[in-house]
């Protein structure tokens, strides 16, 4: 296995096979057990029967949404860790998700149910959050990881207060759905095609920056010496990571721990070249959220848990382990 980790292509192939296996397996798992024949016929010969509807309208869209959401978060986390030069940075750390979540909750409060309407609001909120952090962090033309990080933490706290205010003012009939969504909920994932489109575009753009990311992670001085325009690169990474985060928030609310744990574990496995790290992190993030979502909808079936609870149960022990491990080194 150690030898496998030294061969990034083999590792990515392994993650791809695991992803396919888990996606297929998740179609069989649920409050209503289904046979292989039933799932197969439902996928390739859908009809109006209950089993077919369970697969094509419930399990398959949710499974794909879970995988895409995890991949988006892990990809955003990998970019954010390079930007702030911290291997434990999270895609939510700069407050972008808070802006997107605030805008979506306002839409819910106003009774908006349109897919495109809520998606548009999420990106408007993300854009406002991005702009605030960008303007404040760039005062006097400065940009340092510490200044960016502190600005993001303060802005995130502000969005948290706004979310609390919205929840306080919300009618009781809307409150449960809002809280469930905030804790990470894939029950009402909007457009799966949108999530995968955002994922593919984001991965392509990230891969185009991969060689510069490999230099930037070694320090600004080296990057500047090699002729990289640091300001432009910082802005590109920030905008791309923010938009990927916003796309994930649209799908499932706030699912924590995925964005910093998965890229960090990929690096610990020995994959530090971003040409391989980015696709590996995307696959790993998809696997983690898919496993968490499958658990969330089966542990206390027919009731469901928020996906964010499962990722927290997985992420907190891992985070403490990584923190202790880094302290010993």
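The values are calculated or read from the model by the stated rules, or taken from the named source; none is laboratory data. Remember, predicted model here, so these are calculated numbers, not experimental data. A quick note on method: Cβ atoms are made from the backbone with ideal geometry, for glycine too, and the neighbour counts reach across all protein chains shown.
Among the residues in region 119-138, are any loosely packed, with under 15 Cβ neighbours inside 10 Å and at pLDDT below 90? Yes: one or more hits. Residues in region 161-170 that are part of a helix (DSSP H, G or I) and surrounded by 14 or more Cβ atoms within 10 Å (Cβ to Cβ): 162, 163, 166, 167.
Which residues, taken from region 306-321, are in contact (Cβ under 8 Å) with a residue 40 or more places away in the chain and farther than 16 Å from residue 265 by Cβ? Scanning region 306-321 gives 306, 307, 308, 309, 312.
Being in contact (Cβ under 8 Å) with a residue 40 or more places away in the chain, in contact with a helix residue (DSSP H, G or I) (Cβ under 9 Å, 6 or more places away or on another chain), surrounded by 16 or more Cβ atoms within 10 Å (Cβ to Cβ) and not in a helix (DSSP H, G or I) is a description that does not apply to residue 73.
Within region 142-149, at least one residue is loosely packed, with under 11 Cβ neighbours inside 10 Å and either more than 20 Å from residue 90 (Cβ to Cβ) or at pLDDT 85 or above (or both). Among the residues making up region 76-115, those that are assigned to a loop (DSSP other than H, G, I, E, B), more than 16 Å from the chain's Cα centre (by Cα) and at pLDDT 80 or above are 84, 85, 110.
Here residue 173 fulfils each of the conditions (1) surrounded by 12 or more Cβ atoms within 10 Å (Cβ to Cβ); (2) more than 28 Å from residue 239 (Cβ to Cβ) apart from (1). Of the helices (runs of 4 or more DSSP H) lying entirely inside region 187-248, those containing at least 2 residues that are farther than 27 Å from residue 132 by Cα and touching a helix residue (DSSP H, G or I) at 6+ places or on another chain (Cβ under 7 Å) are 192-208, 210-216.
Filtering region 225-235 to residues that are more than 26 Å from the chain's Cα centre (by Cα) and surrounded by fewer than 13 Cβ atoms within 10 Å (Cβ to Cβ) leaves 225, 226, 227, 229.
Table: residues versus (1) at pLDDT below 85; (2) on the phi < 0 side of the Ramachandran plot; (3) exposed (fewer than 14 other Cβ atoms within 10 Å of the Cβ); (4) in contact with a strand residue (DSSP E or B) (Cβ under 6 Å, 6 or more places away or on another chain).
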{"position": "5", "(1), (2), (3), (4)": "yes, yes, no, no"}
{"position": "8", "(1), (2), (3), (4)": "no, yes, no, no"}
{"position": "24", "(1), (2), (3), (4)": "no, yes, yes, no"}
{"position": "40", "(1), (2), (3), (4)": "yes, yes, yes, no"}
{"position": "43", "(1), (2), (3), (4)": "yes, yes, no, no"}
{"position": "47", "(1), (2), (3), (4)": "yes, yes, yes, no"}
{"position": "56", "(1), (2), (3), (4)": "yes, yes, no, no"}
{"position": "67", "(1), (2), (3), (4)": "no, yes, no, no"}
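Among the residues making up region 301-325, those that are outside any helix (DSSP H, G or I) and more than 17 Å from the chain's Cα centre (by Cα) are 301, 302, 303, 304, 305.
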